[in-house]
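See below for the structure under consideration.
The values are calculated or read from the model by the stated rules, or taken from the named source; none is laboratory data. This structure is a prediction, so every number in the text was calculated from the model and none was measured. Using ideal geometry, Cβ is built from the backbone for each residue, glycine included, and neighbour counts are taken over all protein chains shown.
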Amino acid sequence: MINIDRIIQTNIPDIAPVYGGVRGRTMSSRHQSYAWPALVEAGVKRVIDLRDVDSSNKLPFLCDKYGMEYFHYPVNNHAKQVESMVALMPQFCEMIDKGDFYIACAMGLHRTDIALCTYWVFYSADKGIAPPPIRGYRQEDGHNTSKIMYVLNSIYKYMTEQNGVEPIPMETFKARKKVINELSKEKTEHEDVPLKRVYVDMDGVLADFESGLAKVDDEVKKEYLGRFDEIPGLFSLMEPMPGAIDAMHRIQKDGRYELYILSTAPWNNPSAWSDKLLWVQKHLDDVFHKRIVITHCKNLLKGDYLIDDRSKNGAKEFEGEWIQFGNSEFPDWDSVLKQLGVC
């Protein structure tokens with residue numbers, strides 16, 4: 001039997017027990033590598049991956065390394081995905097019934113809600129099993145169950161067309177969907193759950209350094225050759241990185257995070273300190289108003305995430321998860337939003 005307490009002790013984000021297993025964040029990032037031995041020790045025997053994945057997916061390799069069964073149950077509302085979900089549903093339900101599983105999506109929230117609801121509506125409700133708790137599509141977090149309902153309706157329609165008969169009576173189907181809607185309205189037991197603190201670097205993450213440099217006179221560049229970051233006024237000239245402004249607003253509206261700028265200003269460029277403030281006031285004052293920290297020692301800050309493109313100035317030693325912006329794992333803001341589970 002899986003040791004739930006042992007898994008919770010790992011502090012994996014968004015981890016929670018469900019149906020004899022656990023649900024949580026996909027454990028494919030190197031930042032979660034510390035927890036894999038604990039999952040083995042706790043008795044996890046199979047991993048159910050709900051994401052759309054490609055050849056770069058690391059989970060099958062990790063499962064093989066740690067002696068776990070890997071199962072891909074792709075959850076989406078596209079027609080082909082619905083077809084796959086129906087085809088794989090018997091095997092998926094069997095794996096849930098066995099227990100000792102880890103079911104995962106990017107944040108362990110939204111796709112997991114959908115997958116567990118399909119399990120309950122079309123299979124386990126007939127066995128008298130209780131519906132799953134809703135953790136992602138909760139009204140108190142500003143979400144509703146429309147995406148869950150869309151997938152359930154698509155599956156119901158597809159199964160009816162394929163088999164020539166309804167998988168369950170329509171009235172029963174409606175009643176079960178109503179139960180899910182009511183569950184999404186329930187308040188969580190812990191109302192004072194702290195927000196996760198996210199620090200965001202500026203240069204190369206929010207602000208495009210090269211775009212500012214392109215606006216500087218060539219004679220000035222010659223004067224500061226090899227030390228461009230000391231050019232007075234440079235940091236106020238930069239354009240936002242692609243997708244950065246929209247991403248910041250989306251993270252803020254998500255409701256689970258508190259955002260701060262955590263940047264370093266060149267020691268020999270006094271204007272950089274004020275230039276960075278002016279840049280934030282111009283582009284993102286509604287997100288970062290009075291939320292700027294300038295330091296050469298980022299490792300001293302307490303928080304959950306640091307989004308930074310370089311390991312310097314303490315970024316690599318940051319106590320939380322360092323999301324290295326611009327590398328192969330997080331090449332752009334879309335990939336960062338996916339890691340944070342922000343729609």
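For the range 177-190, indicate whether the set of residues that are of a type in the set (Lys, Arg), modelled with pLDDT under 90 and in a helix (DSSP H, G or I) is non-empty. No: the range 177-190 contains no residue that is of a type in the set (Lys, Arg), modelled with pLDDT under 90 and in a helix (DSSP H, G or I). Considering the conditions (1) free of Cβ contacts under 8 Å to residues at least 24 places away in the same chain; (2) under 12 Å from Val200 (Cβ atoms), Pro331 is excluded by exactly one of them, (2). Of all residue pairs spaced 6 or more apart or on separate chains, those with beta-carbon atoms under 6 Å, a first member in the range 19-40 that is free of Cβ contacts under 8 Å to residues at least 40 places away in the same chain and a second member that is surrounded by fewer than 24 Cβ atoms within 10 Å (Cβ to Cβ) and part of a loop (DSSP other than H, G, I, E, B) are Ser28/Lys58; Ala35/Thr10; Ala35/Ile12; Trp36/Tyr66; Ala38/Thr10; Val40/Tyr66.
Being in contact with a strand residue (DSSP E or B) (Cβ under 6 Å, 6 or more places away or on another chain), of a type in the set (D, E, K, R), surrounded by 17 or more Cβ atoms within 10 Å (Cβ to Cβ) and under 24 Å from Gly314 (Cα atoms), is that true of even one residue in the range 207-215? Yes, the range 207-215 contains at least one residue that is in contact with a strand residue (DSSP E or B) (Cβ under 6 Å, 6 or more places away or on another chain), of a type in the set (D, E, K, R), surrounded by 17 or more Cβ atoms within 10 Å (Cβ to Cβ) and under 24 Å from Gly314 (Cα atoms).
From the list Asp246, Asp285, the lone residue that is within 22 Å of the chain's Cα centre (by Cα), of a type outside the set (Lys, Arg) and more than 25 Å from Ser311 (Cβ to Cβ) is Asp246. Would you say Leu109 is in contact with a strand residue (DSSP E or B) (Cβ under 9 Å, 6 or more places away or on another chain) and either free of Cβ contacts under 8 Å to residues at least 40 places away in the same chain or of a type in the set (S, T, N, Q) (or both)? Against the criterion (in contact with a strand residue (DSSP E or B) (Cβ under 9 Å, 6 or more places away or on another chain) and either free of Cβ contacts under 8 Å to residues at least 40 places away in the same chain or of a type in the set (S, T, N, Q) (or both)), Leu109 does not qualify. Pick from the range 273-331 the residues that are buried (at least 16 other Cβ atoms within 10 Å of the Cβ) and among the β-branched types (Val, Ile, Thr): which of them is farthest from Arg256 (Cα to Cα)? Checking each candidate, the answer is Val280. Among residues of the range 120-137 that are more than 20 Å from Thr172 (Cβ to Cβ), those with a beta-carbon under 8 Å from a residue that is at pLDDT 95 or above and among the acidic types (Asp, Glu) at least six positions away or on a different chain give the pairs Arg135/Asp113; Gly136/Asp113; Tyr137/Asp113. Counting just the residues of the range 132-146 that are assigned to a loop (DSSP other than H, G, I, E, B) and of a type in the set (S, T, N, Q), which one comes out nearest to Met89 (Cα to Cα)? Checking each candidate, the answer is Thr145. Here Ile148 clears all of (1) surrounded by fewer than 17 Cβ atoms within 10 Å (Cβ to Cβ); (2) at pLDDT 95 or above except the condition numbered (1). Looking across Pro242, Pro266, one residue alone is part of a loop (DSSP other than H, G, I, E, B), surrounded by 14 or more Cβ atoms within 10 Å (Cβ to Cβ) and either at pLDDT 90 or above or touching an Asp or Glu at 6+ places or on another chain (Cβ under 9 Å) (or both). It is Pro266. Determine, yes or no, whether Val280 is of a type in the set (Val, Ile, Thr) and either over 30 Å from Ser56 (Cα atoms) or in a loop (DSSP other than H, G, I, E, B) (or both). In short, yes.
Of all residues in the range 147-167, none are within 22 Å of Val22 (Cβ to Cβ) and outside any helix (DSSP H, G or I).
Looking only at the range 1-58, residues that are surrounded by fewer than 17 Cβ atoms within 10 Å (Cβ to Cβ) and of a type in the set (Asp, Glu) come to 4 in all.
Residues of the range 107-119 include none that is assigned by TED's automatic domain parsing to the domain that holds Asp49, part of a helix (DSSP H, G or I), hydrophobic (A, V, I, L, M, F, W, C) and more than 23 Å from the chain's Cα centre (by Cα). Selection over the range 8-21 of residues that are touching a Leu at 6+ places or on another chain (Cβ under 9 Å), within 26 Å of Arg197 (Cα to Cα) and either not assigned by TED's automatic domain parsing to the domain that holds Leu116 or not β-branched (Val, Ile, Thr) (or both) gives a count of 1. Filtering the range 299-341 to residues that are in a helix (DSSP H, G or I) and in contact with a Phe, Trp or Tyr (Cβ under 6 Å, 6 or more places away or on another chain) leaves Asn299, Val336. Of the residues making up the range 332-340, none is among the hydroxyl-bearing types (Ser, Thr, Tyr) and either crowded, with 19+ Cβ neighbours inside 10 Å or at pLDDT 95 or above (or both). Residues in the range 67-91 that are surrounded by 14 or more Cβ atoms within 10 Å (Cβ to Cβ) and within 24 Å of Ser29 (Cα to Cα): Met68, Glu69, Tyr70, Phe71, His72, Tyr73, Pro74, Val75, Asn76.
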